[in-house]
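Data first, discussion second: the structure below is written as structure tokens.
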Amino acid sequence: MPISSSNSNLFVVFGITVILLSLKALLLGAATAARRGKSKSFLNAEDAAWLGGAHMNPDPEAVARWGRAQRNDLENLLPFFICGLLYVLSGGQALAGYIYCGVFFCSRVLHTIAYLAARPMLRRNAYTFGFLVIIILGAHAAWLMGRLLS
Amino acid sequence: MPISSSNSNLFVVFGITVILLSLKALLLGAATAARRGKSKSFLNAEDAAWLGGAHMNPDPEAVARWGRAQRNDLENLLPFFICGLLYVLSGGQALAGYIYCGVFFCSRVLHTIAYLAARPMLRRNAYTFGFLVIIILGAHAAWLMGRLLS
Amino acid sequence: MPISSSNSNLFVVFGITVILLSLKALLLGAATAARRGKSKSFLNAEDAAWLGGAHMNPDPEAVARWGRAQRNDLENLLPFFICGLLYVLSGGQALAGYIYCGVFFCSRVLHTIAYLAARPMLRRNAYTFGFLVIIILGAHAAWLMGRLLS
């Protein structure tokens, strides 16, 4: 196994966190496409001709909201995955890692709920918690890696 | 080497799959920019002034199609890379891994062809195969990781 | 440690490069949102009602520029991270790796500066250097991995 045993629980917690958030973003993308079908409005002319509807760019509001929720997910998942993977591979402490994963996961689930329910204050707060986790996690991982330099 | 020998072929197959798909997405991005130049329409006013053309947002259809093909690539590549890397690092079976990589690679190449050729049914089917691979791969990786918990 | 000692300096240099670029993209995303507030124009109707402003899609130019700089960052960071991580995990040479990281980091910092300062030639050149690094790094990593096949 490439992961040292002292870290394997952290590796698992981190891994399951990012898998679940990946699948959430993926499902939001599929839901965005499904809502295009439901609203009979399509970004591609060939879809409108095929499925019977209007060719429209940008998406109507009810579709665009889901697309924005997905885009915000991906914009935050990539930095979290990069910083978190390096934290795990640098031998980061398990307890801090659990907290990073737990807070980030909850903040991103709340963000999606708040976005789809059009609750802007909750959405902003959830985004901010996730944002702060990435900043702290990234700084923590960089500090751990600095100690690995020989 | 950090990768255990029992996994090294899977590591290589997975690695080459995601490298090729990364470069495909990158080339689609460059092609989108090139088509802006060809259609003399630019998202930035300074580009329109520099290269002689119109300042236009959103992109005209012939440009936007390439940008959407790239965006769809990136939306799927990030979840596939996350789930696949964790599958490989968790000691996933080689044969299942080869199938995941092969089906995903083919589905994403077909998706791009179908998008650029404006063939909506092929595009939807290719997308759906890639989508299903990510869901199954993510669940498989999460299950493998659950067994690593101590 | 999962990273072999012969590679640990390269691992650190690569890791700190992608952490800094992740945080840069993240900060550009937050700055885009901040500029929506400043220009009193919002993508979501509930934000316009909450904070007092107009509901507008797409964003006005002064906001959209920051969003495009962020999007371009993410489009390039994902391929670079994938190719670079595989390069490091495949036992890539340190010196070439330092050059890849250094050139990519500088090109992406210059890209952001050029985008925000509306300097199109510098922006295009910075983008092109980063693009070429990813192509070469991806090919180099694929070649290294090919030698690992058993």
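The values are calculated or read from the model by the stated rules, or taken from the named source; none is laboratory data. Since the structure is predicted, the reported quantities are computational estimates derived from the model, not experimental observations. FYI the Cβ positions are ideal-geometry reconstructions off the backbone, even for glycines, and counts take in every protein chain you see. Accessible surface areas use protein heavy atoms only, side chains included; no ligands, DNA or RNA. Shrake-Rupley method; radii C 1.70, N 1.55, O 1.52, S 1.80 Å.
Modelled label-to-label distance, residue A:139 and residue B:56, 7 Å Cα→beta-carbon offset: nm?
4.6
For peptide B:115-123, what's the mean number of Cβ atoms from other chains within 10 Å of each residue's Cβ?
For this peptide, the per-residue mean of nearby foreign Cβ atoms is 3.
Could you tell me how far the Cα centroid of the stretch C:72-114 sits from the Cα centroid of the stretch B:65-93, in Å?
Each part's Cα centre sits 18 Å from the other's.
In the protein assembly as shown, carbon and sulfur make up what percent of the accessible area (probe 1.4 Å)?
Answer for the protein assembly as shown is 69 percent, counting heavy atoms of protein chains only.
Report the local net charge at residue C:107: Lys and Arg +1, Asp and Glu -1, summed over other residues whose C-beta lies under 13 Å from its C-beta.
Its environment carries a net charge of +3.
Just for the Cα atoms in the protein assembly as shown, what are the lengths along the principal axes, largest first, rounded to whole Å?
If we take the Cα atoms of the protein assembly as shown, the spans are 53, 43, 43 Å.
Take every residue in peptide B:125-132, count the Cβ atoms of other chains within 10 Å of its Cβ, and give the average of those counts.
Average per residue, whole number: 1.
Can you report the principal axis dimensions of chain C using only the alpha carbons, biggest first, rounded to whole angstrom?
62, 36, 24 Å, listed from the longest principal axis down.
Please give me the summed charge of the neighbours of residue A:21: other residues whose Cβ is under 9 Å from its Cβ, Lys and Arg +1, Asp and Glu -1.
+1
So with the 1.4 Å probe, I'd like the accessible area per residue for the protein assembly as shown, rounded to whole Å².
39
Residue C:118: net charge of surrounding residues, Cβ under 11 Å, Lys/Arg +1, Asp/Glu -1, itself excluded?
With Lys, Arg at +1 and Asp, Glu at -1, the net is 0.
Tell me the total accessible area that C and A bury against each other, 1.4 angstrom probe, in square angstrom rounded to 100.
So the buried area, both faces added, is about 3000 Å².
In peptide A:53-63, how many Cβ atoms from other protein chains are near each Cβ within 10 Å, on average?
2
Over the C-alpha atoms of the stretch C:83-127, what are the Rg and the largest Cα-to-Cα span, Dmax, in Å?
Gyration radius and largest Cα-Cα distance of the stretch C:83-127: 13.4, 40 Å.
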